[in-house]
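**Q** This is the structure I want to talk about, given as structure tokens.
The values are calculated or read from the model by the stated rules, or taken from the named source; none is laboratory data. Computed from a prediction, not measured in an experiment: that's the story for all the values here. Quick reminder, even Gly has a Cβ in these numbers, built from the backbone with ideal geometry, and neighbours come from all protein chains shown.
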């Protein structure tokens, strides 16, 4: 065991009562928010409730593997299932809002044909969202319910002390950062081999964004168990996530437009070509702003 690990163990032993309470408070606050927002979201699918239900679930999914990497408690899977359901509705909410804004910008710039395409994309995405909302209403009560609440309560009371005693948040962060560096390397190699605008390179860059997001959320959610340096790193990963998010958003627009195709969007060949060129140009612009990772 290294000197750093020895020191970590000693610190945990000395601070165990306080650290246990910090973990319990952080986890229970997130779970309470997750349950409150889940109930509210099912009433009228409020955009903010759906968003916050997804965010709180994602933060829980960030912390649980630090404490329980093998999912001995069985809590990770149902929360992950719920997060996916909220995520699908949330993604549609975001896209509809984006397409409406892009339609407005296109009209203001005098590009009426383009504005019409964004209007059609928003309409089609609303139809997609309707189906996702129905699935959320049908599936969520079977996943997130009183049974899960009881399992959560037992987790906090019975399992948490031992899990906190075993957890090494610093080691978890190091593993996440190693994963980030590996994904960054894969992107660099793929970009050099396939071209930075190729689908394989864009997918590899998306994986870098996911890894950065995990590092950021872990550093933020477990800040009480980490040093000040980790807070600075969380801000760096947040910045990376934001830049890569712009790339991903513009890439997704292209994918959705191509999935629908010119016929479904009512575009003739000339307008479709101009539309795709503009979307491609916006993607290249975002890639040009990525900078160092």
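**Q** From the list 150, 77, 174, exactly one residue is assigned by TED's automatic domain parsing to the domain that holds residue 215, surrounded by fewer than 18 Cβ atoms within 10 Å (Cβ to Cβ) and over 30 Å from residue 259 (Cα atoms). Which is it?
**A** The unique qualifying residue is 174.
**Q** Looking only at segment 64-74, how many residues end up being under 18 Å from residue 149 (Cβ atoms) and either under 17 Å from the mean Cα position of the chain (by Cα) or in the same structural domain as residue 223 (by TED's automatic domain parsing) (or both)?
**A** 1
**Q** Kindly indicate which of 253, 236 is surrounded by fewer than 17 Cβ atoms within 10 Å (Cβ to Cβ) and assigned by TED's automatic domain parsing to the domain that holds residue 210.
**A** Being surrounded by fewer than 17 Cβ atoms within 10 Å (Cβ to Cβ) and assigned by TED's automatic domain parsing to the domain that holds residue 210 holds for just one of 253, 236, which is 236.
**Q** Of all residues in segment 281-293, which are out of contact with any helix residue (DSSP H, G or I) (no Cβ under 7 Å at 6 or more places or on another chain) and modelled with pLDDT of 90 or more?
**A** 281, 284, 285, 288
**Q** Take the residues in segment 168-184 that are touching a helix residue (DSSP H, G or I) at 6+ places or on another chain (Cβ under 7 Å) and closer than 17 Å to residue 69 by Cα; name whichever of them is modelled with the highest pLDDT.
**A** In this case the residue turns out to be 179.
**Q** Of all residues in segment 70-80, count the ones that are outside any helix (DSSP H, G or I) and touching a residue at least 40 places away in the same chain (Cβ under 8 Å).
**A** Looking only at that region, the number is 4.
**Q** Specify which of the listed residues (283, 287, 293) is touching a residue at least 24 places away in the same chain (Cβ under 8 Å) and not in a helix (DSSP H, G or I).
**A** 293
**Q** With respect to residue 57, determine if the residue is surrounded by 14 or more Cβ atoms within 10 Å (Cβ to Cβ) and at pLDDT 95 or above.
**A** Spelling it out, residue 57 is indeed surrounded by 14 or more Cβ atoms within 10 Å (Cβ to Cβ) and at pLDDT 95 or above.
**Q** Which one is nearest to residue 93 (Cα to Cα), of the residues in segment 42-68 that are part of a loop (DSSP other than H, G, I, E, B) and touching a residue at least 12 places away in the same chain (Cβ under 8 Å)?
**A** It comes out as 45.
**Q** If you don't mind, another one. Considering only residues that are buried (at least 22 other Cβ atoms within 10 Å of the Cβ) and not in a helix (DSSP H, G or I), which ones fall in segment 190-233?
**A** 222
**Q** Go through 160, 140, 117 for me and flag whichever is within 25 Å of residue 77 (Cα to Cα), surrounded by 12 or more Cβ atoms within 10 Å (Cβ to Cβ), more than 23 Å from the chain's Cα centre (by Cα) and outside the structural domain of residue 268 (by TED's automatic domain parsing).
**A** Only one candidate passes the filter, namely 160.
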